[in-house]
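Step one of this worksheet: look at the structure below.
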There are 2 protein chains.
Amino acid sequence: MAKIKRNRNGTRKDVIIAKAAKLFREKGFSATSMRDLAEHVGVEAASLYNHISSKAEILQEICFKTANNFMSQIEEVDATPNKTAIEKIQAILRFHIKQMLENYEEVYVSDREWKHLTDPYLSNMQTQRRAYRQRIASIIEDGIRKGEIKPIDAPTAVLIMLHAVSGIESWHRSKKKIAGEVLEDNMVQILVDGLRKQS
Amino acid sequence: MAKIKRNRNGTRKDVIIAKAAKLFREKGFSATSMRDLAEHVGVEAASLYNHISSKAEILQEICFKTANNFMSQIEEVDATPNKTAIEKIQAILRFHIKQMLENYEEVYVSDREWKHLTDPYLSNMQTQRRAYRQRIASIIEDGIRKGEIKPIDAPTAVLIMLHAVSGIESWHRSKKKIAGEVLEDNMVQILVDGLRKQS
DNA sequence: TGAAAATGCTAACATTTGTTAGCTGATTTT
DNA sequence: AAAATCAGCTAACAAATGTTAGCATTTTCA
């Protein structure tokens, strides 16, 4: 009886996926039941299946939409001429942070819950994630070669960068939030120049 | 019929918890069933209950053992005199990294799956985690006051540090692992001094 | 306006879930 | 050697799970 309210510019499927993203973030994919989701959408569980074909499909949509988003951006950055490696890294970092602030639920879910995808989506996502990290590592190695970046292990640097950014989850939960731009500047500065005060 | 093999210096309960930690890391707490766990232990599901009282208890043991471990260490570091803030931060970082390398499964699980604890354990853990971050933030703020650390937002720095370290998960999965000590040095260096080459 | 499509509902299904009961045989303790 | 504890088993449970079938109502649009 209770219809799913559909915002302009969004299908009912979009509403379901948005609510699902929120629940998947809070409780995890496996611990979220379809009845749970239905209740938050304001509908009976069976009714969801008029809009989606399975629980798995919801996760797939969330993960691949997000992954494509990041892939597009890194290609854009990488293709931009006249950019130093440090600038490229900064651009990627800022994009990650902005995404984490603007599309928190979906970005978080696709980062933490992609393991629950099933093949062939699972392998696909693994490949995509590996490729993404590899591209960043290449930028860093390029920067090292050109003397802009310290000679550190590039994969380690990538690993630190990406996980540091995902820590914005704690920021979201925090009581005394600092402004988004301040957070962004702080994160980029700490990662690029470190904690220690240069004397 | 098939008995649980018990290593010297370990009860059968310990064996179960160790196997559980591995499964919880791979598939998550909710997606791991007791029958799953039993199979990996080499026993029927019902037999597990001769050693543990519930699935929830397993998660509790993993989480609180790990949390206590980290709490002890930070108290020790914090109480050590004649240490600069940077040195304290380094000590904490190295401890985290070492724990991640040595007790990977349990550290990972207690970091990622504690949300599935139930009250009162859940609230307890939340409090403990908040307190832990607060202690590190205080060290950083102290370092800022003394001019050892750049004037950045301390909670942001904590968030970066802790999540960066948890990225060692990717290192574990990586094909071409660098040595543990090299990883440790790289991580500490990047976090403390940043990516950019000082000119 | 009337037909087609979309969206909701209730009921039910087959599995899977965590856990308990009750039993048998082994191991330890006295 | 007898008694007590430990550690495994099979069978079963109640609840929760994802999903489908079948039907009613509303919305869309020709």
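The values are calculated or read from the model by the stated rules, or taken from the named source; none is laboratory data. For clarity, every value in this text was computed on a predicted model and none was experimentally measured. With ideal geometry, Cβ positions are generated from the backbone for all residues, glycine too; neighbour counts draw on all protein chains shown. Accessible surface areas use protein heavy atoms only, side chains included; no ligands, DNA or RNA. Shrake-Rupley method; radii C 1.70, N 1.55, O 1.52, S 1.80 Å.
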- Message: Please list, ordered by residue number, the helices (runs of 4 or more DSSP H) wholly in region A:139-199 having 1 or more residues that are hydroxyl-bearing (S, T, Y).
- Response: A:154-166, A:168-173
- Evaluate region B:67-78: report whether one residue or more is polar (S, T, N, Q), in contact (Cβ under 8 Å) with a residue 12 or more places away in the chain and under 14 Å from B:E169 (Cβ atoms). no
- Task: State whether the residues of region B:52-65 include one that is away from chain A (no Cβ under 14 Å), over 19 Å from B:Q126 (Cα atoms) and more than 11 Å from DNA strand C (Cβ to nearest atom).
- Result: no
- Query: Restricting region B:154-199 to residues that are within 19 Å of A:Q134 (Cα to Cα) and basic (K, R), which is most open to solvent (accessible area, probe 1.4 Å)?
  - Reply: B:K175
- Out of B:S30, B:S54, report the one residue that is without any contact (Cβ under 8 Å) to a residue 12 or more places away in the chain, surrounded by fewer than 19 Cβ atoms within 10 Å (Cβ to Cβ) and not charged (D, E, K, R). B:S54
- Note on the structure: For B:M100, the lone unmet condition from (1) crowded, with 18+ Cβ neighbours inside 10 Å; (2) modelled with pLDDT of 95 or more is (2)
- Query: Looking at region A:75-87, is at least one residue among the aliphatic types (A, V, I, L, M), away from chain B (no Cβ under 14 Å), open to solvent by less than 30 Å² (accessible area, probe 1.4 Å) and over 18 Å from A:L191 (Cα atoms)?
  - Reply: yes
- Please verify whether region B:24-36 includes one or more residues that are among the hydrophobic types (A, V, I, L, M, F, W, C), within 14 Å of chain A (Cβ to nearest Cβ), more than 13 Å from DNA strand C (Cβ to nearest atom) and within 23 Å of B:Y132 (Cβ to Cβ). no
- Task: Filter the helices (runs of 4 or more DSSP H) completely within region B:1-94 down to those with at least 3 residues that are within 11 Å of DNA strand D (Cβ to nearest atom).
- Result: B:12-27, B:34-41, B:45-48
